[in-house]
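Structure record follows, encoded as structure tokens.
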Amino acid sequence: MHELSIAQSIVDSAREHATLNGGRRVVRIGVRVGEISGVAVEALEFCFGMTVQDTDMDGAALELERIPVRFRCSRCAHEFHPVEFLGQCPTCGSDGATMIAGDELGLSFLELE
Ligand SMILES: [Zn+2]
């Protein structure tokens, strides 16, 4: 399962940070999940629970922040949420927009005790 390896890498990097900070306990982990990152949020939460169970991180809370897809127009710099992923600017009609958010996946914050 795709989400299981993602959960594992989230747990690994959280643990690494905690160790670098004097081995403190991880209480909260924030993760940014882009709308088109290909991650099923429910599956990731489930896999995270499985991964931390009976480990030093058992009980740590996972906070998933969903990031919607955003485009920025290269002509007028207007930022917008694309309709059906067509990058046409609703303000000036230019179709030279580029994606600036929506495919991220990674730690956003870590709360240690
Ligand atoms: Zn524009």
Taking V39 as meeting all but one of (1) over 15 Å from E113 (Cβ atoms); (2) of a type outside the set (S, T, Y); (3) outside any loop (DSSP other than H, G, I, E, B), write down the number of the exception. (3)
Got a sec? Which of S37, S9 is among the polar types (S, T, N, Q) and under 30 Å from D95 (Cα atoms)? S37
For region 1-48, enumerate the residues that are within 16 Å of F109 (Cα to Cα) and touching a Lys or Arg at 6+ places or on another chain (Cβ under 9 Å). A18, V26, R32, V33, G34
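Being under 15 Å from I6 (Cβ atoms) and out of contact with any helix residue (DSSP H, G or I) (no Cβ under 9 Å at 6 or more places or on another chain) narrows it down to one residue among R66, R72, R32; which is it?
Numbers: R66 fails: out of contact with any helix residue (DSSP H, G or I) (no Cβ under 9 Å at 6 or more places or on another chain); R72 fails: under 15 Å from I6 (Cβ atoms).
Exactly one residue qualifies, and that residue is R32.
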Exception for M50 within (1) of a type outside the set (D, E, K, R); (2) surrounded by fewer than 16 Cβ atoms within 10 Å (Cβ to Cβ); (3) within 16 Å of the ligand (Cβ to nearest atom); (4) under 21 Å from the mean Cα position of the chain (by Cα) falls at (3)
Of all residues in region 56-65 being in contact (Cβ under 8 Å) with a residue 24 or more places away in the chain and of a type outside the set (G, A, S), which is farthest from the ligand (Cβ to nearest atom)? D56
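Could you list all residues from region 8-20 that are among the β-branched types (V, I, T) and modelled with pLDDT under 95? Before the answer, list the steps.
As a first pass, look at region 8-20 and keep what is among the β-branched types (V, I, T): 10-11, 19.
Selection gives T19 alone.
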Of the residues in region 21-36, those that are outside any strand (DSSP E or B) and at pLDDT 95 or above come to none
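Have a look at E84, E63 and point out the one that is over 17 Å from E104 (Cα atoms) and charged (D, E, K, R). Show your work before the answer.
Values: E63 fails: over 17 Å from E104 (Cα atoms).
Among E84, E63, only E84 is over 17 Å from E104 (Cα atoms) and charged (D, E, K, R).
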Quick one: which strands (runs of 3 or more DSSP E) lie wholly within region 66-113 and hold at least 2 residues that are within 12 Å of the ligand (Cβ to nearest atom)? 70-72
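The values are calculated or read from the model by the stated rules, or taken from the named source; none is laboratory data. Everything numeric here is computed off the predicted structure, so don't read it as measured data. Glycine gets a Cβ as well: all are built from the backbone with ideal geometry, and neighbour counts include every protein chain shown.
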